[in-house]
1. Only loop residues by DSSP count here, and only those with at most 16 other Cβ atoms within 10 Å; note down the GluC sites (Glu not before Pro) in region 16-50 that meet that.
2. Amide H neighbours of V25 under 5 Å, at least 5 residues apart or on other chains, H built in the peptide plane: list them.
3. Please arrange R396, R322 by how many other C-beta atoms lie within 10 Å of their C-beta, fewest to most.
4. Relative contact order, percent, of the chain when contacts are C-alpha pairs under 8 Å separated by at least 6 residues?
5. Hey, fewest Cβ within 10 Å first, where do H21, H293 land in order?
6. Would you mind classifying region 1-108 by shape? Square roots of the alpha carbon gyration tensor eigenvalues, ordered a ≥ b ≥ c; an a/c under 1.5 is rounded, otherwise it is prolate if a/b is larger than b/c and oblate if not.
7. Across region 132-141, in residue order, what do the Karplus-derived ³J(HN,Hα) couplings come to in whole Hz, using 6.51 cos²θ - 1.76 cosθ + 1.60 with θ = phi - 60° and x for Gly and Pro?
8. Among the aspartates and glutamates, select those whose C-alpha is under 12 Å from the C-alpha of K390, and discard any that sit fewer than 8 residues away in the same chain.
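Rule-based calculations on the coordinates, nothing more; no lab input. The shown structure was predicted, so the numbers you read here are calculated from the model rather than taken from an experiment. So basically every Cβ, Gly included, is an ideal-geometry build from the backbone, and we count neighbours across all protein chains shown.
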Amino acid sequence: MINVVGLGYIGLPTALMFAAHGVEVVGTDYNGALVDTLNSGKTTFEEEGLSELFQEAVRKGIRFSTDYQSTDLYIVAVPTPYDKASKKVDASYVARAVKNVMEVCPKGAAVVVESTVSPGTIDKYVRPVVEERGFVIGEDIHLVHAPERIIPGNMVYELKHNSRTIGADSREIGEKVKALYHSFCEGEIVVTDIRTAEMTKVVENTFRDINIAFANELAKICRSDNMDVYEIIRIANKHPRVNILTPGPGVGGHCISVDPWFLVGDYPGLANIILSARKINDSMPDFVLERIHTIMKENQITDVGRVGLYGLTYKENVDDMRESPTLQMLESMERHLCGGQIKVYDPYVTRDVVKNQYHDLDAFLRDVDLVVLLVGHDEIKAQMEKLKGKIILDTRHICFLDGVYRL
Ligand code: SAJ
């Protein structure tokens, strides 16, 4: 039996995947309400294919509990936020989860940390917790780091098909855990040491952050000199070794906008491109606000209440709002004392989270003159004609109506 600790965006699909493939699984989370929801037969977030996977896992006998189980394999998938001031990883959730595991696990158990951590975190925060309990690492308890790689929006598919990394102190344990993940994972699984696995994960997300920053910087350069960044990227990408990403209103989510800071926090002075990329991506919400300001002036819109932001989530077709560019924009407006009136709508966000939030697209569109497309949800892509007659600022390059403004 395996005990998956932390049933969030990563832990839940992972637990379900193991269970659906015949592994006995108990999922544990300290949030009783979340466990109750799962036990009542409902998933806690939306994701393509997740409810089908959930049904299958339930059929195969997955259980959910607030209690840690006594078993020989644990998968820890709890949050690893970063401290906004120091830019360093906050490993307290991981440390606490491992501490709780130590209270109930038998000797010989393996603890697999899936949460993203900065290089050295397992040494610094996890090993001491195991040793404090009097366990000898490598004899009584085996430590493994198996960072996830799944992309929100396509998690279920990617869980199955992506390649993975397993970092372990001993090759033997690494191979055992690899065999377990192969119960559902069809991709290649590379076994390495823990520090390499920690670093690799952070490097992957940092690579993407830097590449998005390049696209965003190009957007700013092109805007300053009236060039079409999308056309330039489209043509440049025909070069066999060029693959520029797409500019956007900023980088949100809990991965790419966070992980590079771990390197900046741990290697100040060395992480230069990484820091610049973070700054560029973090500057995009304000860049969009400036665009809104210019377009309002050009069109003699004086009332910010006639401006509508389409999209609250950090990217298309997900319901996750963590670090979303729209929320960053709204915060920036609050700071400059010009928030309050702007209207907001997102089909994926059904509860009220910000002021002047709409839950109906038509009502939202009726009340605004300038629509700012911040997220390219399929919902709006399928009904672009509803935007005819509006002034449109498209930050995602999804709208091709006449006269549309771009980044
Ligand atoms: N974005 C752009 N332009 C682009 C691509 C993305 O502006 O060309 C924006 C998105 O709109 C979003 C943000 O960047 O706000 C990040 O979105 P994403 O789709 O690039 O990535 P995430 O954060 O959803 O998932 C990433 C993935 N990492 C990589 O692709 C290297 C995923 O594989 C990881 O598992 C995930 O982080 C994680 O959990 O670490």
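1. The qualifying sites are E24, E46, E48.
2. Residues meeting the criterion, in which the H sits 1.01 Å from N, are I2, R63.
3. Ordered by Cβ neighbours within 10 Å, fewest first: R322, R396.
4. 11 percent
5. Starting with the residue having the fewest Cβ neighbours, the order is H293, H21.
6. oblate
7. With the stated coefficients, region 132-141 comes to 4, 7, x, 7, 9, 5, x, 10, 7, 9 Hz.
8. Partners found: D367, D369, D402.
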